[in-house]
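Participant: Take a look at this one; I'll ask things after.
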């Protein structure tokens, strides 16, 4: 099974171009941070409520990326809000992205290609080798959203991550998306860590929009 | 968290009291699964005395509701109050799960 960080990375990847799709500012940074925390939550290593996040089990998960996060969470003796940890790990996003990519390459899902465009910029591309995982998650999410089924915890997390990065509209025609938008919002709200993550992304977007409008007015 | 179980007609009425954290969430899942294995398919979960629910608790409520539904059963929740009501509203659980005012209202007809 793929980790949430790997799943969101694959959802964010343009299958044909092998590069990350254009996403809202800092969305992938916070989505990866949220994905790791949600993976730890589903493995009963951490728990959260409306005020704080706490480590409930220090036993390693066996996943080196998650275990580093779990160790980091134990360094702070005072319980902190989920938003604190989201920012903490979002700030390390570059390193986390590299590790997630390396794992997807190691698993044979992606391959790395170096290409030159116009002989100036070297662009690293990651074409999808095994498309099965991507198709499976997209089909599963589409079917769940179109139904009135109760989601399982993994599905809630994936909808939350996909919605925060605005990646779910790709799964539907524009007419379908209009119809299912309310259901997506309802499903995405079901996870408390995911809610905090989406809030952080929205706040950054708002700040950026204000900064841009002030620059344009100056 | 304390879980007490009784039966009204065909429905298992489960009263949850105290704090529903990660450990309690596992106990609740086990209790529901044990009932399902015995062949019980109708559940009323009374949250009157539940005064805290964490994200692990929310997940277990969702997971078990899905399992019961997949077994062609039903689970209704009732007496949601205080902080738990606040968390339900904030997370939108009150739009996904069937919630009633009282045990009587939640019993299947």
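Participant: Which residue is farthest from residue A:53 (Cα to Cα), if the candidates are limited to segment B:7-35 and must be within 14 Å of chain A (Cβ to nearest Cβ) and buried (at least 20 other Cβ atoms within 10 Å of the Cβ)?
Facilitator: B:32
Participant: May I pose another question? Determine which single condition residue A:183 fails, assuming it passes every other condition in (1) at pLDDT below 90; (2) part of a helix (DSSP H, G or I); (3) surrounded by fewer than 22 Cβ atoms within 10 Å (Cβ to Cβ).
Facilitator: (1)
Participant: So which of B:58, B:47 ends up being away from chain A (no Cβ under 14 Å) and closer than 21 Å to residue B:90 by Cβ? Break it down into steps so the answer makes sense when it comes.
Facilitator: Values: B:58 fails: away from chain A (no Cβ under 14 Å).
Among B:58, B:47, only B:47 is away from chain A (no Cβ under 14 Å) and closer than 21 Å to residue B:90 by Cβ.
Participant: Next up: Looking only at segment B:75-94, which residues are within 12 Å of chain A (Cβ to nearest Cβ) and buried (at least 16 other Cβ atoms within 10 Å of the Cβ)?
Facilitator: B:75, B:84, B:87, B:88, B:91, B:92, B:93 - these are the residues of segment B:75-94 that are within 12 Å of chain A (Cβ to nearest Cβ) and buried (at least 16 other Cβ atoms within 10 Å of the Cβ).
Participant: Residue B:106 versus (1) within 14 Å of chain A (Cβ to nearest Cβ); (2) out of contact with any helix residue (DSSP H, G or I) (no Cβ under 6 Å at 6 or more places or on another chain); (3) surrounded by 20 or more Cβ atoms within 10 Å (Cβ to Cβ): which is the lone unmet condition?
Facilitator: Of the numbered conditions (1) within 14 Å of chain A (Cβ to nearest Cβ); (2) out of contact with any helix residue (DSSP H, G or I) (no Cβ under 6 Å at 6 or more places or on another chain); (3) surrounded by 20 or more Cβ atoms within 10 Å (Cβ to Cβ), the odd one out for residue B:106 is (1).
Participant: Kindly indicate the residue of segment A:186-203 that is crowded, with 18+ Cβ neighbours inside 10 Å and more than 14 Å from every other protein chain (Cβ to nearest Cβ) and also nearest to residue A:81 (Cα to Cα) among those meeting that condition.
Facilitator: My answer is A:200.
Participant: Restricting the search to segment A:14-29, which residues are closer than 17 Å to residue A:158 by Cβ and surrounded by 19 or more Cβ atoms within 10 Å (Cβ to Cβ)?
Facilitator: Those that are closer than 17 Å to residue A:158 by Cβ and surrounded by 19 or more Cβ atoms within 10 Å (Cβ to Cβ): A:27, A:28.
Participant: Working carefully through the options A:2, A:11, A:32, find the one that is at pLDDT below 90 and surrounded by 21 or more Cβ atoms within 10 Å (Cβ to Cβ).
Facilitator: A:11
Participant: Moving on to the next point. Is it the case, given these coordinates, that residue B:69 is within 14 Å of chain A (Cβ to nearest Cβ), surrounded by fewer than 18 Cβ atoms within 10 Å (Cβ to Cβ) and free of Cβ contacts under 8 Å to residues at least 24 places away in the same chain? So that I can check it myself, show each step before the final result.
Facilitator: On the way: within 14 Å of chain A (Cβ to nearest Cβ): yes; surrounded by fewer than 18 Cβ atoms within 10 Å (Cβ to Cβ): yes; free of Cβ contacts under 8 Å to residues at least 24 places away in the same chain: yes.
For residue B:69, the condition - within 14 Å of chain A (Cβ to nearest Cβ), surrounded by fewer than 18 Cβ atoms within 10 Å (Cβ to Cβ) and free of Cβ contacts under 8 Å to residues at least 24 places away in the same chain - is met.
Participant: Quickly run through segment B:72-97 and pick out the residues that are part of a loop (DSSP other than H, G, I, E, B) and either under 15 Å from residue B:11 (Cα atoms) or in contact (Cβ under 8 Å) with a residue 40 or more places away in the chain (or both).
Facilitator: Of the residues in segment B:72-97, the ones part of a loop (DSSP other than H, G, I, E, B) are B:72-73, B:79-81, B:92, B:97.
Residues satisfying the conditions are B:72, B:73.
Participant: Whether any residue in segment A:157-177 is assigned to a helix (DSSP H, G or I), at pLDDT 90 or above, out of contact with any helix residue (DSSP H, G or I) (no Cβ under 8 Å at 6 or more places or on another chain) and surrounded by fewer than 21 Cβ atoms within 10 Å (Cβ to Cβ) is what I want to check.
Facilitator: yes
Participant: Counting only residues that are part of a helix (DSSP H, G or I), closer than 14 Å to residue B:65 by Cβ and touching a strand residue (DSSP E or B) at 6+ places or on another chain (Cβ under 8 Å), how many does segment B:6-30 have?
Facilitator: 1
Participant: When you go through (1) assigned to a helix (DSSP H, G or I); (2) over 25 Å from residue A:41 (Cα atoms) one by one for residue B:33, which number turns out not to apply?
Facilitator: In the conditions (1) assigned to a helix (DSSP H, G or I); (2) over 25 Å from residue A:41 (Cα atoms), residue B:33 misses (2) alone.
Residue-wise test of (1) modelled with pLDDT under 95; (2) assigned to a loop (DSSP other than H, G, I, E, B); (3) out of contact with any helix residue (DSSP H, G or I) (no Cβ under 7 Å at 6 or more places or on another chain).
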{"site": "A:57", "(1), (2), (3)": "no, yes, yes"}
{"site": "A:66", "(1), (2), (3)": "no, no, no"}
{"site": "A:69", "(1), (2), (3)": "no, no, no"}
{"site": "A:72", "(1), (2), (3)": "no, no, yes"}
{"site": "A:77", "(1), (2), (3)": "yes, yes, yes"}
{"site": "A:89", "(1), (2), (3)": "no, no, no"}
{"site": "A:95", "(1), (2), (3)": "yes, no, yes"}
{"site": "A:98", "(1), (2), (3)": "yes, no, yes"}
{"site": "A:102", "(1), (2), (3)": "yes, no, yes"}
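The values are calculated or read from the model by the stated rules, or taken from the named source; none is laboratory data. Keep in mind that this is a model prediction, so the values were computed, not measured. With ideal geometry, Cβ positions are generated from the backbone for all residues, glycine too; neighbour counts draw on all protein chains shown.
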